[in-house]
Structure formats: structure tokens, C-alpha cells
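Read-outs throughout are calculated quantities, based only on the coordinates presented, and are distinct from any laboratory measurement. Everything numeric here is computed off the predicted structure, so don't read it as measured data. Don't worry about glycine lacking a Cβ; one is built from the backbone with ideal geometry, like all the others, and counts go over all protein chains shown.
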Amino acid sequence: MKKEHLLDLKGVSVHYGGVKALDKVDLSIGQGEIVALMGPNGAGKSTVLKAIFGIAPLGSGEILLRGKRLKPVVYEMVHMGIVLVPQGRRVFTHLSIEENLEIGGFFIKNREELKRRMEEAMDFFPALKKKRHLKARVLSGGEQQMLAIARGLIADPKVLLLDEPSLGLAPKIIKEVFAKVKEINERKGTAVAVVEHNLKSLLDIVDRAYILDKGRVVAEETAERLLKSDILEKVFLGKLGR
Ligand SMILES: Nc1ncnc2c1ncn2[C@@H]1O[C@H](COP(=O)(O)OP(=O)(O)OP(=O)(O)O)[C@@H](O)[C@H]1O
Ligand SMILES: [Mg+2]
């Protein structure tokens, strides 16, 4: 059963020149829900997250947070509680862990509040807390991904958008990252939209999944139902017959 709507995309289309990246996408994320976005390369998964975050050129349609239309300005998004952790975990490797976290709180004027949020973010990731004064470049891939997520937490998001956090990580580390995502979701009630290729690594944590193909939503299912169906196989093998 769907939880109360938090975020809604209604008929969202995005074009990059002649490329139709999204074609009338309808999608919703409930309060405190974890939703997966799946589909082959180029399906439009990152574009969905970018559209929500206000950095994709919205051709038509609208994006609503609790029924209110969002203004496509990044500063506004962060204030409204929407945070994007982009594909390729872009942490600042020449800066320390603390400095990376400070950047996530660029808009917080009150130093005490910023410090409080940094401690809170690090409490989720004890491995980072121990290394807080070290440069991010010494971190492993998994730790860098955790730092990218921790940096997003500084904004105290209502909606956390994670673009392929598992990319290039070993299965054991992927499990750890997703366990953290679940912990954040449970402790803070943060809704999460996560792009992921491997449904199995998400099964324990997601409520629902949207399958995208060629810029369209082709299925919306619970993870259990998805596993039993052959839709993923069809989409990934290009056998959807469209
Ligand atoms: N800045 C851009 N300029 C031109 N075309 C773009 C741009 N960004 C994305 N596209 C195109 O839009 C489509 C959707 O891209 P998107 O990055 O959303 O896919 P994706 O599902 O995230 O793929 P991947 O799994 O490879 O990350 C693709 O055809 C892509 O080439
Ligand atoms: Mg992508």
C-alpha cells in the first residue's frame, strides 16, 4: 500500500536537444518510503533525479512536494529538503572529511547548527568519524560513497536522491551502504529514491520499484512482485516489444 504522497512527478518530459530523455513520466514517492529506479543504460534514471532536483530542462509536466509545485532552483531544493547525491560519488578528494561535510551545509549560517548536523551525519558513519581530519582521497570507494551520502544528510533532507550509490563497489560494501540508507530512512523518516541495477541488493530495503525504459515508466511494482515477474529481464534484454 502506498504511503501518503510526499513527492509527485506528473507528466514530466525532458528533452536534450533532439534526445527525449523523459517522456511523460508519472511517479510518486510516499512519506518515508524507499523507492528504486531501475532500467537499462540511457533509460532516463539519472534524468528523473535531476528533474526532481531542478537541474534537468523540464519541457512539460510538474513536480510537486506535498502538493506544492517545486521551483527548479538548487538552493530552493535544498531548503525544501531535497538532496541529490549524484552518480560517481563526487567528493572533494583534496579536502578533509569534515571540510566535505561543511560544504554540504554551505547554506547554514549558524556555526553551532552546522556543527550539530555534522556530528549527527558522522554518527551514522563511525568509520568517517574516526577519520574526520583525513583527506577524502585516502578513503576507500565505499567510504567515499558514505561520505557523499553523509554530506547530503547535512541538509536534513526529507527526500534523498541517490544515483547509483553501488557503482564500482564490492557486493559486501554495497550491502553496507544500503543498510546505512535503510538506517537513515528508519531513524530520520527520510524518503529515498535510489537508482540501482541489481534488484537483489535492494530487496531488503525498498518498498517499490519503478522500471524505466527509453524515457518512460514501463512498470511499477513491489520488489517481491518484480522478482517473480519477467519484466526486468525483458527490459534489460530489450524484449519489451516497443
Ligand atoms: N546533458 C545531456 N545532454 C544530452 N543528452 C543527455 C544529457 N543527459 C542525458 N542525456 C541523454 O538522455 C538519456 C537518458 O540519460 P540518463 O543519464 O538519464 O540515463 P540513465 O538511465 O541514468 O543511464 P545510466 O544507467 O547509463 O546512468 C540518454 O539518451 C542520454 O544520452
Ligand atoms: Mg544514470
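Using only side-chain charges placed at the Cβ, +1 for Lys and Arg and -1 for Asp and Glu, the dipole size of the chain relative to its Cα centre rounds to 300 debye. Semi-axes of the equivalent ellipsoid for the chain, computed as √(5λ) from the eigenvalues of its C-alpha gyration tensor and ordered from largest down, come to 29, 21, 16 Å.
In the chain, the calculated helix contribution to ellipticity at 222 nm averages -10500 deg cm²/dmol per residue, counting -39,500 (n - 2.57) for every DSSP H run with n ≥ 4. Subtracting the Cα-Cα distance of Q31 and L203 from 0.36 nm times their residue separation leaves 60.0 nm of extension gain. Shown in residue order for the range 149-155 are the 3J(HN,Hα) couplings computed by the Karplus curve 6.51 cos²θ - 1.76 cosθ + 1.60 at θ = phi - 60°: 6, 4, 4, x, 5, 4, 7 Hz (x for Gly and Pro). Footprinting exposure proxy ranking of H15, H133, fewest other C-beta atoms within 10 angstrom first, gives H133, H15.
Using every pair of separate Cα atoms, the Kirkwood estimate puts the hydrodynamic radius of the range 1-130 at 16.7 angstrom.
So for the chain, averaging the separation of alpha carbon pairs under 8 Å that are six or more residues apart and normalising by length, what relative contact order in percent results? Relative contact order here is 27 percent. Rounded to the nearest 5, the antiparallel percentage of DSSP beta bridges internal to the range 5-236 is 60%.
Beyond 32 Å in Cα-Cα separation lie the following of the pairs K45/K175; K131/K228; K24/K129: K131/K228; K24/K129.
Considering only F106, V192, G61, and ranking their Cα positions along the charge dipole of the chain that arises from unit charges at the beta-carbon of Lys, Arg, Asp and Glu, the one farthest toward the positive end is F106.
Using a/c under 1.5 as the rounded threshold, could you call the range 117-242 rounded, prolate or oblate? The axes a ≥ b ≥ c are square roots of the C-alpha gyration tensor eigenvalues, and prolate needs a/b larger than b/c, oblate otherwise. Verdict is prolate for the range 117-242. Annotation: aspartates and glutamates with alpha-carbon distance below 17 angstrom to K20 (same-chain offsets under eight excluded): E62, D213.
Say the cut-off is 32 Å between C-alpha atoms; which of K68/K135; K10/K172; K109/K172; K71/K234; K130/K172 go over it? Beyond 32 Å: K68/K135; K10/K172; K109/K172; K71/K234.
Among S46, S96, S13, the residue with the largest mean-square fluctuation in a Gaussian network model of the chain, with springs joining Cα atoms closer than 10 Å, is S96.
Placing a pseudo-label 7 Å from each Cα along the Cα-to-Cβ vector at S229 and S96 gives an inter-label distance of 5.0 nm.
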